[in-house]
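All of the numbers you see were taken from the coordinates with simple rules; none came from a lab. All of these numbers come straight from a predicted model, not from anything done at the bench. Positions of Cβ are generated from backbone atoms using ideal geometry, with glycine treated the same way; all protein chains shown enter the neighbour counts.
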């Protein structure tokens, strides 16, 4: 592709953005400037929504419409997403988690409920374990890739046996900070890929990347595929450190019979082990299996997501 | 050795500590409990002192005596040092730096001067680059191992050509969380080691580890030798992000003519490159070459250290 609008520039200089229904704000957190949108009244419980990989804050736009009467809602772009800063070589769960710690301290300033999807669900878990005392009231982990997003999982499939090959393609064809940007090459390679998840999640004949992908730093994909993102954050230690109530959801998933690869965010074994560890902490947690749900329930069915979140938050 | 007082237990359970002249306190930072000592009046400028590897807060005890009339002084134990929490698999500059961000926010609550020695000097640099806005007034980097404490340095010798082999021995003979504790084996192996720095820094015939080493989690040594501690914190990016005045000191150093190994904390080339990058940021910085000074000046000559720090702090 090598479209000059998309390649290499820092977020502020890139003319790839589109308008949205909620106003966006920027806050200086020290290392990064974080972009976010806010809705709802200040006297409602604070709620932070954390997007998944290749999503920006506005993936929650429909859900925010439904949640803004009940919550003071903040939806954020993480480093390397949307309009927040890019930080080459510095994409780790710990750095992203500490960005959220600072965001909650500086932009919200009171105990907060957090809900995150996919890698955002890992960060919701991270916050429930490692945030500053009193910052987090509870965490909804929406289909988080527990162990399955790491290169050396204690349990079950690694990222190389799950979505990793797709991230490898993002890294190879798009490049850190869009330094390659070969959209056509990636699209065609995905059609032939050995891994069923890559074929399923290919981009057909789309002439350009979808909007949220344009806003994303492909170095995220490399950090996940190479394993550096979670190298110093083993998931079993994070789960064992959880200190506040958890709702863990698990959406449609299966195993490819040909290869044993995981089709989905995490396996039944990984769900079982996560529950075992959470049970050992003594915190209150619930596990909700939604076998018919898309990975990103909050985008595919915002009404159902809002209903689940609202009902669980009422118990905190 | 396999002394049950020293092996494997978490810091709180280990009976290895000795009394000191300043009272110690503990603060919950979310993931870790940080141990620290405090001296001086609250109306004086706040100063945080960060020890180096295999040192605890009380390495600054003599310096604190000299500084307490001029500063509100805090000396800390980092994760894996002294009485602070051990965090297996989670020793990174970013996690240690964010512990200090939280400490400054929760225990000090106002703009702070920071001074750190060796790896503590790297963390002083980290804070000057990545702390929350307004937290840091200036940073004294006391003989920091710039690039020379990483496995893939942009400039000069790597840790494997510097102190790395000694850390490799700590890791091999003492083990993560003192899981091996073979003090005798390490002491004897150091005497024969190919690397001159390891022979120089060996422990002679000492029958047990020195006090500060007993208080240290040897997993630190592995994290440095294997390179995971700075894997997502390239030093050139950290230096380029510095936002406040810096005093960079450089102590006795040389190159072993036989091997090219670095005898010291960082080389002249590394000092030159650090200055070039700092100059490009536009921040005020000074470089002070103390060719006769020990690596840990604040321990070897507290009066000289206090004089240097006091004079520089007066200019902030």
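If you plug the beta carbon distance of residue B:283 and residue A:89 into 1/(1 + (r/R0)^6) with R0 = 30 Å, you get a FRET efficiency near 0.90. Within chain A, DSSP assigns beta bridges of which about 30% are antiparallel (rounded to the nearest 5).
Remark: relative contact order (the range B:222-316) = 31 percent; criterion is Cα-Cα distance under 8 angstrom and separation of 6 or more residues. In nm, to one decimal, how far is the modelled label at residue B:207 from the one at residue B:226, with both set 7 Å along Cα→Cβ? Between residue B:207 and residue B:226, the label points sit 3.5 nm apart. Note on residue A:269 and residue A:304: with the Förster distance fixed at 22 Å, the Cβ-Cβ geometry gives a FRET efficiency of about 0.25.
Placing dummy labels 7 Å off each Cα toward the beta-carbon, the span from residue B:15 to residue A:276 is 3.5 nm.
Annotation for residue A:258, label-to-label distances across the other copies: 5.9 nm (shortest first, one decimal, point 7 Å from Cα along Cα→Cβ).
Placing a pseudo-label 7 Å from each Cα along the Cα-to-Cβ vector at residue B:28 and residue B:292 gives an inter-label distance of 5.1 nm. With a/c under 1.5 counting as rounded, go ahead and sort chain B into rounded, prolate or oblate using the C-alpha gyration tensor (a ≥ b ≥ c being the square roots of the eigenvalues; past the cut-off, prolate if a/b is larger than b/c, else oblate). Verdict is oblate for chain B. Extension gain, residue A:152-residue A:42: 0.36 nm per intervening residue step, less the Cα-Cα distance, totals 35.4 nm. At q = 0.11 Å⁻¹, what is the log10 ratio I(q)/I(0) for the protein assembly as shown, with the Debye formula run over Cα points and no solvent? So the normalised log intensities are -1.11.
For chain A, relative contact order (Cα pairs under 8 Å, six or more residues apart, normalised by length) works out to 20 percent.
The relative contact order of the range B:137-192, computed from alpha carbon pairs under 8 Å that lie at least 6 residues apart in sequence, is 18 percent.
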